[in-house]
1. Answer yes or no: is there a residue in the stretch 54-70 that is assigned to a helix (DSSP H, G or I), closer than 17 Å to ASP5 by Cβ, out of contact with any helix residue (DSSP H, G or I) (no Cβ under 8 Å at 6 or more places or on another chain) and of a type in the set (A, V, I, L, M).
2. Of the residues that sit in the stretch 39-91 and are of a type in the set (S, T, N, Q) and touching a strand residue (DSSP E or B) at 6+ places or on another chain (Cβ under 7 Å), which one is farthest from HIS23 (Cα to Cα)?
3. Out of the residues in the stretch 36-48 that are surrounded by fewer than 21 Cβ atoms within 10 Å (Cβ to Cβ) and out of contact with any His (no Cβ under 8 Å at 6 or more places or on another chain), which is farthest from ALA109 (Cα to Cα)?
Amino acid sequence: MNFGDCIEIGASLEEEYLVEERHLAAHVGSGSARVLATPWMIGFMERTAHRLLARCLPHGYSSVGTLVNVRHLAPTPFGSTLRVRAEVTAVDGARISLKIEARDASELAGEGTHERFIIDEARFLKRVNAKQEKLPK
């Protein structure tokens with residue numbers, strides 16, 4: 001399947017996330033400050049990228065993250081709104097490259113690149129189930 005037919009270079013999506021207690025570095029143990037934890041910022045970036053691609057993929061297909069290269073540039077305090085933007089920069093078969101960034105009300109909080117791979121969900125789950133069956137009981 002040619003995913004370039006359904007995923008356009010330049011396609012983008014912006015979403016907003018409220019920084020809650022569970023998103024704080026002090027809460028997740030990635031720091032002691034009451035600011036957005038880097039793992040959560042990356043999670044918000046991945047979620048936005050996933051939702052962008054999900055809008056145009058055919059039924060039975062999804063995407064999984066395969067690479068994240070992000071810099072966390074500035075602290076975002078508890079109660080702030082983080083605006084995350086994902087933009088498709090390249091489509092190479094099933095490999096999709098995106099530019100991602102996160103901004104709070106004051107400044108650019110994080111930026112980088114993200115790669116996702118388009119999967120056939122049934123085939124992917126079959127592989128996961130085969131691995132699951134091999135786990136000790």
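Bear in mind these aren't lab numbers, they're just calculated from the coordinates by the rules spelled out. Every value quoted in this text rests on a predicted model; they were computed, and no experiment measured them. Note that we place each Cβ from the backbone using ideal geometry, even for glycine, and neighbour counts take in every protein chain shown.
1. Let us first name the residues in the stretch 54-70 that are assigned to a helix (DSSP H, G or I), namely 54.
Next, only the ones that are closer than 17 Å to ASP5 by Cβ stay: 54.
From what's left, out of contact with any helix residue (DSSP H, G or I) (no Cβ under 8 Å at 6 or more places or on another chain): 54.
Among the residues that remain, those that are also of a type in the set (A, V, I, L, M) are: 54.
Yes, some residue in the stretch 54-70 is assigned to a helix (DSSP H, G or I), closer than 17 Å to ASP5 by Cβ, out of contact with any helix residue (DSSP H, G or I) (no Cβ under 8 Å at 6 or more places or on another chain) and of a type in the set (A, V, I, L, M).
2. Here is the first cut: in the stretch 39-91, the residues of a type in the set (S, T, N, Q) are 48, 62-63, 66, 69, 76, 80-81, 89.
Next, only the ones that are touching a strand residue (DSSP E or B) at 6+ places or on another chain (Cβ under 7 Å) stay: 48, 62-63, 66, 69, 76, 81, 89.
Details: THR48: 16, SER62: 26, SER63: 24, THR66: 23, ASN69: 20, THR76: 10, THR81: 12, THR89: 28 Å.
So the residue we want is THR89.
3. ARG47
To keep it simple, each residue is scored yes or no on (1) in a helix (DSSP H, G or I); (2) closer than 18 Å to PHE117 by Cα.
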{"residue": "GLU16", "(1), (2)": "no, no"}
{"residue": "ARG22", "(1), (2)": "yes, no"}
{"residue": "ALA26", "(1), (2)": "yes, no"}
{"residue": "SER32", "(1), (2)": "no, no"}
{"residue": "MET41", "(1), (2)": "yes, no"}
{"residue": "GLU46", "(1), (2)": "yes, yes"}
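Rundown of residues vs (1) surrounded by 12 or more Cβ atoms within 10 Å (Cβ to Cβ); (2) of a type in the set (D, E, K, R); (3) not in a loop (DSSP other than H, G, I, E, B), yes/no style:
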position: LEU82; (1), (2), (3): yes, no, yes
position: THR89; (1), (2), (3): yes, no, yes
position: ALA102; (1), (2), (3): yes, no, yes
position: SER106; (1), (2), (3): no, no, no
position: GLY110; (1), (2), (3): yes, no, yes
position: ILE119; (1), (2), (3): yes, no, yes
position: ALA122; (1), (2), (3): no, no, yes
position: LYS137; (1), (2), (3): no, yes, no
